[in-house]
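S.K.: Before anything else, here's the structure in question.
FYI, it's all coordinate maths here, none of it is from the lab. If you're wondering where the values come from, they're calculated on a predicted model, not measured in any experiment. Every residue, glycine as well, gets a Cβ built from its backbone with ideal geometry; the counts of neighbours run over all protein chains shown.
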Amino acid sequence: MRSTAEAISSRIKLTVRLTDQVADISQLVQEIETAFALPAEIIVRDTHAVLSIPAAAEPEIRSWIEKTRGDIRIVGEGRRMELYKEVGRPESVARQFGLAQMRGTHAIGHTRMATESSVTTDGAHPFSTGLDQCLVHNGSLSNHNDVRRKLRHEGLRFETDNDSEVAAGYLTWRMSEGASLKQALEASLKDLDGFYTFVVGTENGFAVLRDPIACKPAVMAETRDYVAFGSEYRALAGLPDIESAHVFEPEPATVYAWERH
Amino acid sequence: MASVDLAQTPVRQLNATLHALPADTNETLWNVRNPGGKHAIGVGLDVPVTVEIHGHVGYYCAGMNQKAHVVVRGNAGVGVAENMMSGSVRVEGNASQAAGATGRGGLLVIEGNASARCGISMKGIDIVVKGSIGPMSAFMAQAGNLVVLGDAGDSLGDSIYEARLFIRGAVKSLGADCIKKPLEPADRVILKDVLARAGLSDAARPEEFCLFSSARKLYHFHVDNVGEY
């Protein structure tokens, strides 16, 4: 087990998205192996690809991709987490990426009805908040321009005008300053103004936070085997054994976090 | 007895069937199965029939109800019995936010807990919650009775006009212009009647409750209260 764990932790997965449909992603592995003399692996899923590279080389490879491959956008990174986003009907997007065939310990999905910025793949959720972290957001933030400007001063970069990306960036920044996920979410209660239910996925679990007036709906289901979150019960209705689950609504301004050990 | 399986029948078809019933229909008991959290089940009923829904329902179940009796054998989503005019709605599980919102009449009974904004802008409905209610309940309540056998969350009765809020347990905090008032004999009569209609006469006695209602300080603008608006 130890060697497997070490093997996993020494490699990192970059989820990348092709912004230009005609670009050829299959060349990417050879390009990286040639440029860095490193073993790389790639799994292509429609417009996305998951690139597995040695963790130590991640900063170099990331900046190389950003500089030389304008047609590729890095959407997430982590030892385990992969991140997919596309515009389309949920069932066709799910089919495109083969979600039904994926296996894992936890998953977060989000369908966006845009209110604060345009309907683009860049505006789709989740937003990566750091290594093995991502955020989905239901709501709208009223002070995102102000917070984005402050975070840019702190050196963060933003790809869109989207308010949710600011929330993700805010949490990334807090955690880079030493806060735990729980502390970062608690601090957001003070610094982010507006309506929100946040769900943050982490390497071994997920966290939920609703704004202080619980403007946006949220419901949880807990059984001996799983914990699930949805904007409404309808999203949970198909889960196994849901009829006997403990179904409840998270309290406003309270951080809920679940972790696997 | 009519039976409708929502795994097979669309909600629109169920609702249209119920809307088409004549006032003197002999089909007075309807069983609805596999609701699966679907929205707007049994909305806009206008005949004295009983609709029993076996499972959890989504948003606005039994909204705008008149005369009908709707029983949810599960949890209810946002806005159950919203704008009810008459009749009754009983939820055997928990209710989500805004249960009984803007209701003008009838009786809503929630046997579990109700979450935030229960009875928001209530205008004459009677709401009985056997468990507890969430924050900001009875916000801008105008008329009717909210009876809670458990506790109430933050900002109970914020900006309340009228309506009586009978709470048996603890109140986390009161909203603007909502105050505790003495439970007068006339209030006890009203409370006793609501408990009886909810079938909870044995579950609680009127004297165990505290009454909260409007201080009527915000009825007319006064500059000293500007921070309360």
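S.K.: Counting other beta carbons within 10 Å of each residue's own, what order do B:T50, A:T172, A:T115 fall into, fewest first?
M.R.: A:T115, B:T50, A:T172
S.K.: Using DSSP, restrict attention to beta bridges with both residues in the range B:2-228 and report what percent are antiparallel, rounded to the nearest 5.
M.R.: The antiparallel proportion sits near 15 percent.
S.K.: Roughly how tilted is helix B:185-197, in degrees to the nearest 10 and between 0 and 90, from the longest Cα axis of chain B?
M.R.: With both axes taken from Cα atoms, the answer is about 20 degrees.
S.K.: Which whole-number percent gives the relative contact order of chain A, counting Cα pairs below 8 Å spaced six or more residues apart?
M.R.: Reported relative contact order: 14 percent.
S.K.: Order these by the 10 Å Cβ neighbour count, fewest first: A:R148, B:R117.
M.R.: Ordered by Cβ neighbours within 10 Å, fewest first: A:R148, B:R117.
S.K.: Work out from phi, with θ = phi - 60° and the Karplus expression 6.51 cos²θ - 1.76 cosθ + 1.60, the ³J(HN,Hα) of each residue of the range A:109-117, listed in order in whole Hz, and give x for Gly and Pro.
M.R.: For the range A:109-117, the Karplus-derived couplings read x, 8, 10, 9, 10, 5, 10, 9, 8 Hz, x marking Gly and Pro.
S.K.: Provide, in order from the shortest bin, the percent of all Cα-Cα pairs of chain A in each 10 Å bin, continuing until the bin that contains the maximum pair distance.
M.R.: Distribution as computed: 6, 28, 36, 23, 6, 0 percent.
S.K.: Taking the Cα atoms of the protein assembly as shown alone, what are Rg (to one decimal) and Dmax (as a whole number) in Å?
M.R.: In order Rg, Dmax, the Cα atoms of the protein assembly as shown give 26.4, 88 Å.
S.K.: Also: Evaluate Rg over Rh across the range A:105-259, taking Cα atoms for both radii and Kirkwood's formula for Rh.
M.R.: Checking Rg against Rh, the ratio lands at 0.96.
S.K.: Here is a follow-up. Please identify every one of the trypsin sites (Lys or Arg not before Pro) in the range A:80-113 that sits in a loop by DSSP and has no more than 11 other beta carbons within 10 Å of its own beta carbon.
M.R.: Sites meeting the loop and neighbour criteria: A:R103.
S.K.: Kindly work out what percent of the DSSP beta bridges joining two residues of the protein assembly as shown are antiparallel, to the nearest 5.
M.R.: 55
S.K.: For a test of the definition: using alpha carbon positions, the gyration tensor, and the 1.5 limit on a/c, classify the range B:87-128 as rounded, prolate or oblate. Don't jump to the answer; show the numbers that get you there.
M.R.: Values: a/c = 2.73, a/b = 1.23, b/c = 2.22.
Judged from the Cα gyration tensor, the range B:87-128 comes out oblate (a/c at least 1.5, b/c at or above a/b).
S.K.: Please check which bits of the range A:176-219 a label hung off A:T105 would reach, taking the label as a point 7 Å along Cα-to-C-beta and the cut-off as backbone N under 18 Å.
M.R.: Of the residues in the range A:176-219, A:181-182, A:200-208 have backbone N under 18 Å from the label point off A:T105.
S.K.: Right, here's the next one. Can you list the residues, at least 5 places off or on another chain, whose amide H is less than 5 Å from the amide H of B:V109, using H built in the peptide plane?
M.R.: B:V89, B:R90, B:V91, B:V128
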